[in-house]
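Supplied in structure tokens, the structure appears directly below.
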Amino acid sequence: MSILFITKVMEINRIRPDEHNFTQRLASIANPPKSLCFMGKLPDSGAPVAAIVGSRKPSAYGREVTEQLARDLAKASCIIVSGLALGIDGIAQKAALEAGGTVIGVIPNELPDISPQTNYKLAMNIIKNGGAILSEWKKGDGKVVNRWSFLERNRLVSGLADTVIITEAAERSGTLNTAAHALSQGRDVFAVPGNITSPLSAGCNALLKQGAYPATEAKDILQIIAPEQLKKPEDRKSTRLNSSHLAES
């Protein structure tokens, strides 16, 4: 990793939420952030945004479905947002990067510190591949991180997204706090059905009972947030041609 890259990575930008297309939706959530700090590059495109979150200690099943959904959504040009936490968050981000996707990591502490430190390399890869690490805080703000900081961070994860996907979560899980934020913000919530005898699937199964959309494949999610991505390339081309023809008529 070159000195030039490290210097560029450590550059911290501070903006108001309404100063960038990607973050402007945060200006209208409950308890909106006064400002946002980020390292890397915020997406300029209007691509659909999917937040993928879940257990910090996932089962093999949770890992597998997270990798599958994150990979397939990234291939469908979705931006993947998560909390950079251990477990499901990091698994989703790594899978999306491997699929060539754009990833945003949202952390609760002051930049340029990365938490957890074990995901420092992942954070650098996110930035290197055109994404960003985002926080409400940077060094000098005097932010003291405690357990409430993570719950505050969750409102940003859901607020940035078109939909929040819970791939695996216990009945009492901080992940469900993100789902609660998503519902209050008017975001769609998806949950992956799990084994009814598995404590790690209890949270997802409870969300499904409460009306969350079931997610068994990326197509389930794309049908709601990006139906255009499900069309075959020739169908998308035909739609564009028809639109152009109508505009000229």
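Would you work out which of 97, 21, 149 lies farthest towards the positive end of the dipole of the chain? Charges go on Cβ: Lys and Arg +1, Asp and Glu -1.
In the chain, that residue is 149.
Hey, another quick one. Of 41/143; 34/143; 41/231; 41/94, which pairs sit farther than 20 Å apart, going by alpha carbon to alpha carbon?
41/143; 41/231
May I pose another question? Heavy atoms only, probe 1.4 Å: what % of the accessible area of the chain goes to carbon and sulfur, would you let me know?
52 percent
Here's something else I'd like to know. Where Rh denotes the Kirkwood radius from the mean inverse Cα pair distance, what is Rg over Rh for the chain?
Taking Rg over the Kirkwood Rh, I get 0.98.
Tell me which aspartates and glutamates have Cα within less than 17 Å of residue 139's Cα, excluding those fewer than 8 residues away on the same chain?
Partners found: 11, 110, 113.
Okay, next question. Go ahead and collect, in residue order, the members of segment 70-97 whose backbone nitrogen is under 20 Å from a label point 7 Å along the Cα-Cβ direction of residue 206.
Answer for this model: 88-89.
Which is the longest run of the chain containing none of the GluC sites (Glu not before Pro) found in DSSP loop states (not H, G, I, E, B) with at most 15 other C-beta atoms within 10 Å?
In the chain, the maximal stretch lacking such sites is 12-170.
Now for a separate question. Roughly how many debye, to the nearest 20, is the charge dipole of segment 119-187 about its Cα centre, given +1 on each Lys and Arg Cβ, -1 on each Asp and Glu Cβ, and no other charges?
Roughly 300 debye for segment 119-187.
Separate question: What whole-number distance in Å separates the alpha-carbon centres of segment 73-99 and segment 187-234?
16 Å
Ok, one more. If you take the Cα Rg of segment 147-203 and divide it by 2.2 N^0.38 Å, with N the number of residues, what do you get?
Expressed relative to 2.2 N^0.38 Å, the Cα Rg reads 1.12.
To the nearest 20 debye, what charge dipole does the chain have about its Cα centre, counting +1 at the Cβ of each Lys and Arg and -1 at the Cβ of each Asp and Glu?
That gives the chain a dipole magnitude of about 400 debye.
Can you tell me the FRET efficiency between residue 15 and residue 146 if r is taken as the Cβ-Cβ distance and R0 is 22 Å, rounded to the nearest 0.05?
Efficiency for this residue pair is about 0.30.
Residues with beta-carbon under 12 Å from that of residue 62, excluding residue 62: net charge, scoring Lys, Arg +1 and Asp, Glu -1?
-1
The values are calculated or read from the model by the stated rules, or taken from the named source; none is laboratory data. Bear in mind the structure is a predicted one, so any value in this text is a computation, not a measurement. Cβ sites come from the backbone with ideal geometry, for glycine too, and all protein chains shown count toward neighbours. Quick note on the areas: whole protein, heavy atoms, side chains included, nothing else; ligands and nucleic acids left out. Shrake-Rupley method; radii C 1.70, N 1.55, O 1.52, S 1.80 Å.
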